[in-house]
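Accompanying notes for the structure given below.
The values are calculated or read from the model by the stated rules, or taken from the named source; none is laboratory data. These numbers come from a predicted model, not from an experiment. As a convention, Cβ positions derive from the backbone with ideal geometry for all residues, glycine included, and neighbour counts pool all protein chains shown. The area values use the complete protein model at the heavy-atom level, side chains included, leaving out ligands, DNA and RNA. Shrake-Rupley method; radii C 1.70, N 1.55, O 1.52, S 1.80 Å.
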Amino acid sequence: MTAPLKSCKTAADGLQLLNVSKTFDQTEVLHDIDLTVAPGEVLALVGPSGAGKTTLCRIIAGLETPSSGQCYMNGTDMTAMPPGDRRVAMMFESYALYPHLSVGDNVRSPLLARAKGGLPPTAGQHIEQLLAVLEIAHLSDRLPSELSGGQKQRTALARALIQNPNALLLDEPISHLDAKLRHKLRGEIRQILNARPHPTIWSTPDGLEGLSVGDRIAVLIAGRIEQIGTPEDIWLRPASVKVARLFGDPPMNILPGELQDGQGRIDFHCRSMTMTLPPALAASAKAIKGRAAFLGLRPNGLTLHRGDDQSAIATTVYSIESFGKYAIVTLITPPGDLIKLKTADVQDLKLGDDVGVRYASDQLLLFDGTTGRAAYVYS
Amino acid sequence: MTAVEFQSVSKRYSAETPLAVANLNLLCREGELLALLGPSGCGKSSTLKMAAGLEDLTEGEILFGGRPVSALSAGRRNIAMVFEDYCLYPNLTIEDNIAFPLSVRGVDKNERRQRVGDVLAMLGLHDIAKRKVTDLSGGAQQRVAIGRAMVRDPDLILFDEPLSHLDGDQRIHLRAEISRLQKTRGITSILVTHDQNEATAMADRIAIMKGGVLQQVDTPARLYARPANTFVANFIGEPPMNLFPGEIGDDAGRITIPMLGEDIVIGDERRHAFAARRHSGLTLGLRPEHLIVEAAGDGAERQANAVVTYREPRGDADSLVLRILRDTSTMVAELAGPCTFRTGDKVRLRVPAANTNLFDSESGVNLEFDT
Ligand SMILES: Nc1ncnc2c1ncn2[C@@H]1O[C@H](COP(=O)(O)OP(=O)(O)OP(=O)(O)O)[C@@H](O)[C@H]1O
Ligand SMILES: [Mg+2]
């Protein structure tokens, strides 16, 4: 669901892309992208690997030319502007550090490129502070070849964050770090960005990271924007099966099946079960034109039951992955559908056990089986 | 199948820098998948590169199946490697890249086709098997590299961040497939990763390192429930475990938490852990999902002791950063999401005694850790 911007004028402030497409050797990698990022806003660009995130960032930075469409910065068309004039800071997924410069000099380099008569006296202190936040202050004199993978990534991140650009593009900025440092840096970088006047795009293949850092999230799949919305929008009302599969650990279970009209009710029928849709879902089912539908089952909306239970889906335990605070149990139905369930308690559950699965009716979603788009009724 | 043993292994890159790996004694058992986990720069990749023969040892020895290997070059160790930046042959198709190690070893055509077919199917690459690898995204290239390592049943597979460029869905799929294959074929494997979920999902045991020094080797469940020290406690688990001071009160197991102005009582069965330590400092550890957060106000009834300073939505869970009113220290809580608390909300925090871990504040050692 792209915001309907085509007819309206360009946004006066911030970054805006209008109808941007990009084709490499006859393959369209970006299709008709419309996007605005307001000053001070962080837009999380979430998409699987190969979706076009990096290409989109490179177009904004001026390193690629769009095949069609425009980029605006604060109302000015910069589509044809050379990269050096755009003042767009970009952190590359591949880091792109200068191999002959130390960590400190790598970080200093964009400031030097800009400063006419030397660096302002506060620059050194800013760099030091930033390196300290990123926990690489002690590596300031090292060369990139003497760094671990995560240390290189943080050097590249520092080099991007030290600038005061018109727009900041972070391409997978913390993908190489451990959970603890990622948790810390998500918060700290957000605070740094909160105080900044420029728009920021933070690209990541990790849906949960997108939910955490974005004021809004744009979901890019196979070169198209599938949905733009707040973290709550995306989580509670994913626009399509593809979006639903990108968010959540594990992602939502999707069962293909068909709708069957009964007396005063609609059933969802698939090879593993038949279920009468709860009223809210039955109402949204009306928006589905054909009979084909996907039922989405959230892994944390499912519960396990032993013994005979007519209302439960019959399954067998296929695998158990224990994560400390929760476990992911994969269940297999007799016809062979896999269903993942997230639970705090797997005591005395064993591989091969026969168990029933019940679902909370407010944790179900329905999608059009032909288009994959979500069917919602808004009250 | 080979066990891998690191015996007093150290690595120093240059005279000016500290040891990247310090006196490492570690056993990866036959058929086991052992994960190396730790903060960025702690020496995981260095350890793996020494096993691979890509870096020399400064001290110590590495044994494969009881035999020292430090004199053997990488090519003579019968190992397969999947590194983050491991290169494929750009001019070959996916299929030919995967078949390459078999062709080199003169495996006959039928068997080759069979084994390559299995791997292609497992990795979901069947439909694009004839494409050049240069046309693939980073994630797909990595799957080809994994396939190439798996295809020839090596004694040992070394993985360095194999999944770090994949998106969530692919990652979860691939980690399950790698571990299924690893288990069924029983290939001894060492996995370096920064992602604890990946380590937990895939590994039989996890070795935690910090600054080149091994901290604990244990099953994922034990690491989570009984971390050996405050470092491991705070490193494992997302968000990290809260660590805060406690003061041992009376003999009845009462512990005062000064920052909350609250007491908790540790049950009889755990009291022995600190019975003898009346006057030394205690650090309490509590996982964010165990911290109890209740709405509160300024009144005497349920008086607030903290304020929400930051809320991070994580889908089915939200994490809250909380500033303690008494001393402005912070704690992190995790609640089912999306939750109703917002930045600025005043709340009352409570610590459930049963879920606490108890550490010595000086050494950081878990008082209830038994090896
Ligand atoms: N070629 C080198 N020369 C000098 N120092 C190095 C070299 N390679 C790594 N180091 C240093 O050795 C230490 C361990 O590095 P290593 O690559 O093993 O870390 P790591 O645990 O894999 O980290 P990451 O998760 O960031 O990849 C780091 O402090 C790093 O800076
Ligand atoms: Mg590494």
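With each label modelled as a point 7 angstrom along the Cα→C-beta vector, the A:Ala280-A:Arg358 pair spans 1.8 nm. With a cut-off of 18 Å on the backbone N, the residues of the range A:175-203 near the modelled label site 7 Å out from B:Tyr13 along Cα-Cβ are A:176-178. Answer rounded, prolate or oblate for the protein assembly as shown, using the Cα gyration tensor with square roots of eigenvalues a ≥ b ≥ c: rounded when a/c is under 1.5, else prolate when a/b is larger than b/c, else oblate. It is rounded, given that a/c, with a ≥ b ≥ c, falls under 1.5. As a calculated quantity, the FRET efficiency between A:Asp345 and A:Ser68 at R0 = 41 Å, using C-beta atoms, amounts to about 0.15.
For B:Asn305, the amide hydrogen comes within under 5 Å of the amide hydrogens of B:Val347, B:Arg348, B:Leu349, counting only partners 5 or more places away or on other chains and with H modelled in the peptide plane.
From a point 7 Å beyond the Cα of B:Asn25 in the direction of its Cβ, which residues of the range B:35-71 have a backbone N at a distance under 14 Å? Backbone N within reach: B:60-61.
Relative contact order for chain A: 16 percent, from Cα pairs under 8 Å spaced at least 6 residues apart, divided by residue count.
Note on chain A: with charges restricted to the Cβ of Lys and Arg (+1) and Asp and Glu (-1), its dipole about the Cα centre is near 580 debye. Between rounded, prolate and oblate, where does the range A:253-368 land on the alpha carbon gyration tensor, with a ≥ b ≥ c its root eigenvalues, rounded for a/c under 1.5, else prolate if a/b exceeds b/c? Judged from the Cα gyration tensor, the range A:253-368 comes out prolate (a/c at least 1.5, a/b above b/c).
Taking the Cα centre of the range B:202-260 as reference, the dipole from Cβ charges on Lys and Arg (+1) and Asp and Glu (-1) amounts to some 200 debye.
Near A:Val355, once Lys and Arg are set to +1 and Asp and Glu to -1 for all other residues with Cβ below 14 Å from its Cβ, the sum equals -2. Look at the dipole of the range A:33-152 built from charges on Cβ: of A:Gly75, A:Tyr98, A:Ala113, the Cα furthest out on the positive end belongs to A:Ala113. Projecting the Cα atoms of B:Ser164, B:Val151, B:Ala201 onto the charge dipole of the range B:136-205, computed from C-beta unit charges around the Cα centre, puts B:Val151 farthest toward the positive end. Where both residues lie in chain B, what percent of DSSP beta bridges are antiparallel, nearest 5? So the antiparallel bridges amount to about 75 percent of the total. Taking a ≥ b ≥ c as the square roots of the eigenvalues of the Cα gyration tensor of the range B:4-229, is the shape rounded (a/c under 1.5), prolate (a/b larger than b/c) or oblate? Since a/c reaches 1.5 and a/b is larger than b/c, the shape of the range B:4-229 is classed as prolate. What FRET efficiency, computed as 1/(1 + (r/R0)^6) with R0 = 25 Å and r the Cβ-Cβ distance, is obtained for B:His126 and B:Lys183, rounded to the nearest 0.05? My answer for the efficiency is 0.65. On the beta carbon distance between B:Asn78 and A:Asp13, with R0 = 56 Å, the FRET formula returns roughly 0.40. For B:Lys44, list the lysines whose Cα falls under 26 Å from its own Cα; do not include residues on the same chain fewer than 8 positions away. Within reach: A:Lys152, A:Lys180, A:Lys184, A:Lys325, B:Lys11, B:Lys183, B:Lys210.
B:Phe64 exposes around 20 Å² of accessible area when a 1.4 Å probe is run over every protein chain in place.
Here the range B:235-360 is assigned +1 on the Cβ of each Lys and Arg and -1 on the Cβ of each Asp and Glu. Its dipole about the Cα centre then comes out at about 160 debye. Placing +1 on the Cβ of each Lys and Arg and -1 on the Cβ of each Asp and Glu in chain B, which of B:Gly211, B:Thr309, B:Gln114 has its Cα farthest towards the positive end of the resulting dipole? After comparing all options, I get B:Gln114. Once backbone amide H atoms are built at 1.01 Å from N, B:Lys210 has B:Gln215 as its partners under 5 Å, excluding neighbours fewer than 5 places away on the same chain. Note on chain A: helix-only mean residue ellipticity at 222 nm, from DSSP H runs of 4+ residues weighted -39500 (n - 2.57) and normalised by residue number, equals -7000 deg cm²/dmol. Students often forget the sequence filter, so: which lysines lie under 18 Å Cα-Cα from A:Lys116 once same-chain residues fewer than 8 apart are removed? Result set, ordered by chain and number: empty.
Remark: spin-label model distance B:Ala295-B:Arg350 equals 1.7 nm, labels positioned 7 Å along the Cα→Cβ axis.
Only Cα pairs under 8 Å and 6+ residues apart enter the sum, and on that basis the relative contact order of the range B:4-229 stands at 29 percent.
For the range B:235-360, the relative contact order works out to 28 percent when only alpha carbon pairs closer than 8 Å and six or more residues apart are counted.
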